[in-house]
Amino acid sequence: MAGLARQHHLGEHRATVVLGGGDIGCVAVVAAFGLLPPGIGLLIGPYATLGTTIGAVLLALAVAVPVLAFRYESHRAERIPRLHVFEGGLVLTHPGTHRTAVHPWRDLRTAERTRFVTVGQAGTPRTVHRLELHVRGGPLLCSVGGVHDTALIRRLAAAGGAQV
């Protein structure tokens, strides 16, 4: 990464932001707890062989789904794109596909977006602020939401000549 940044005269490295993530582990645990009651009911109930077999399969899935999900999640570092921020621009890497894109700040446009979302079962309203990075006159490259990350990127982009 450093060699690529030097080659494009991007200057000093300032931050690396992981773009995205997942809650597959949480979903898998909820799915497992959803599979347990019917699995136990079919297994201990007065059902024939088919009911017992389906109950055993549901219980096996209740154990296997979280294990497989956490294994999948543990390899997420190999799949999730990263934004490497430099004084003079950024490098966007996609580890899973080995694609890399280099963008000096002057070739980019920033846009701030505010969205109102509901969180949790109670529907608690929450305001989410995102900084979007676009190729000038082109597509969205990525969106960053961490307060520290957006402040740093906003400052570097403005100093580097990005369109605001």
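The values are calculated or read from the model by the stated rules, or taken from the named source; none is laboratory data. This structure is a prediction, so every number in the text was calculated from the model and none was measured. Virtual Cβ from ideal backbone geometry, glycine too; neighbours counted across all protein chains shown. For the accessible areas, the whole protein counts, side chains as well, though only heavy atoms, and no ligand, DNA or RNA atoms are used. Shrake-Rupley method; radii C 1.70, N 1.55, O 1.52, S 1.80 Å.
Brief remarks follow.
- Dipole magnitude for the range 64-114: computed about the Cα centre from +1 point charges on Lys and Arg Cβ and -1 point charges on Asp and Glu Cβ, it is near 120 debye.
- Label-point gap, in nm, between Thr100 and Arg126 - each point 7 angstrom along Cα→Cβ: 3.5
- Estimated 222 nm signal from helices in the chain, with DSSP H stretches of n ≥ 4 weighted -39500 (n - 2.57), rounded to 500: -13500 deg cm²/dmol
- Electrostatic tally near Val85: other residues with Cβ closer than 12 Å to its Cβ, Lys and Arg +1, Asp and Glu -1, net +1.
- Solvent exposure of the chain amounts to 62 Å² per residue of accessible area, where only protein heavy atoms count and the probe is 1.4 Å.
- Each of Val57 and Arg76 was given a label point 7 Å from its Cα along the Cα-to-Cβ line. The distance between the two points is 3.0 nm.
- Over all other residues within a Cβ to Cβ distance under 14 Å of Val117, the charged ones net out to +4, with Lys and Arg as +1 and Asp and Glu as -1.
- Taking the C-alpha atoms only, the angle from helix 24-44 to the longest principal axis of the chain is near 10 degrees.
- Other residues whose C-beta falls under 10 angstrom from the C-beta of Val135 contribute a net charge of +1, scoring Lys and Arg +1 and Asp and Glu -1.
- Unit charges on C-beta of K, R, D, E only; dipole of the range 59-164, Debye: 160
- Here the Debye sum runs over all C-alpha atoms of the range 1-113 as equal scatterers in vacuum, and log10 of I(q)/I(0) at q = 0.17, 0.20, 0.22 Å⁻¹ comes out as -0.85, -1.00, -1.09.
- Carbon + sulfur, % of accessible area of the chain - ligands and nucleic acids excluded, 1.4 Å: 62
- Relative to the dominant Cα principal axis of the chain, helix 147-160 is inclined by about 30°.
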